Amino acid sequence: YRFNAALVREPSRSVVRGLRAVDQGDPDYDGVAAEHAAYIDALEAAGLAVTVLPPLEAFPDSVFVEDPALVFSAGAILLRPGNATRRGETAQIAPVLRRRFETVLEMSGTGYADGGDILVTPDHVMIGLSARTNAAGAGALGACLTKLGLASKTVTTPPGVLHFKTDCSLIEENCVLVTARLEASGVFEEFETLILPQGEEAAANALRINDVVLVGAQFPRTIEMLDQAGYSVVPLATEQIGRIDAGLSCMSLRW
Ligand code: CIR
């Protein structure tokens with residue numbers, strides 16, 4: 001969670017048609033844009049140099065740059081997103097990453113993987129199987145990670161949950177913020193855990209950046225829990241992007 005730089009993409013007007021599992025009504029474009037602007041401000045305040053890419057009207061979900069690629073200081077990996085409507089986002093972000101990273105790897109084969117399913121921990125990279133990341137994709141991604149000198153392990157996402165990181169985030173080298181349903185799977189046995197209060201599961205996709213933790217502002221009990229645990233919490237509105245199943249990690253790539 002120690003980073004110097006981040007890449008984000010401005011939401012397109014088409015963001016109102018973004019994918020969602022349950023329709024709670026379209027997000028409002030101006031609302032998404034405001035949440036995104038506040039997110040950029042928070043990344044900068046946390047010490048990151050933020051590069052802002054232009055919007056892509058043809059890809060409603062392209063504001064979620066975390067999904068088509070993974071970045072590390074050692075290099076980047078281009079992913080093949082699990083939902084067909086998002087697959088073209090990789091070709092859009094590839095040249096940007098090639099300009100910045102000497103090593104840019106591509107997954108072999110035809111499997112797929114979304115960045116939202118990848119949790120980077122100090123010892124290994126966890127690859128969550130989900131409707132967006134299949135076994136073939138996890139295998140191909142694992143091979144790319146090996147080339148970058150990173151160990152990985154494949155884990156499972158609770159049924160019906162969009163991404164592995166919909167339900168967890170790393171907030172300390174050895175501590176994760178996690179939903180009770182994911183914690184019950186035993187995947188974080190070697191970690192300390194902070195369990196999300198019942199009813200605030202959607203706060204699990206928080207984002208630790210340097211000395212602060214970005215958390216959805218509409219989750220007061222989670223904010224209080226983190227505050228009491230000694231974290232410096234930055235609450236950010238996520239109500240509009242939340243309508244298209246997004247939280248705080250999805251809107252940036254960090255390294
Ligand atoms: C999607 O379904 O792909 C988008 N509406 C939400 C993606 C959220 N991404 C993430 O959590 N990494």
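Please treat every number below as a calculation from the coordinates, not as lab data. Keep in mind that what you see is a predicted model, and the values were worked out from it rather than measured. With ideal geometry, Cβ positions are generated from the backbone for all residues, glycine too; neighbour counts draw on all protein chains shown.
List of remarks:
- What you get for the range 38-183, charging only the Cβ of Lys and Arg (+1) and of Asp and Glu (-1), is a dipole of about 500 debye around the Cα centre.
- Under a 5 Å amide H cut-off, with hydrogens placed 1.01 Å from N, Gln218 pairs with Thr238 among residues at least 5 apart or on other chains.
- Taking every C-alpha pair closer than 8 Å and separated by at least 6 residues, the mean separation divided by the residue count of the range 124-255 gives a relative contact order of 17 percent.
- For Thr154, the residues 5 or more places off, or on other chains, whose built amide H falls under 5 Å of its own are Ile127.
- Only Lys, Arg (+1) and Asp, Glu (-1) charged, at Cβ; the chain dipole about Cα centre in debye: 920 debye
- Think of each Lys and Arg Cβ as +1 and each Asp and Glu Cβ as -1; about the Cα centre, that makes the dipole of the range 164-253 roughly 320 debye.
- Restriction of the GluC sites (Glu not before Pro) in the range 108-204 to DSSP coil positions whose beta-carbon has at most 10 other beta-carbons within 10 angstrom yields Glu189, Glu190.
- Extension gain, Gln218 to Ala74: 0.36 nm times the residue separation minus the Cα-Cα distance gives 48.3 nm.
- Added length on full extension, which subtracts the Cα-Cα distance from 0.36 nm per residue, Ala143 to Thr85: 18.3 nm
- Residue among Ser108, Ala49, Cys144 farthest towards the positive dipole end of the range 5-254, charges placed on Cβ: Ser108
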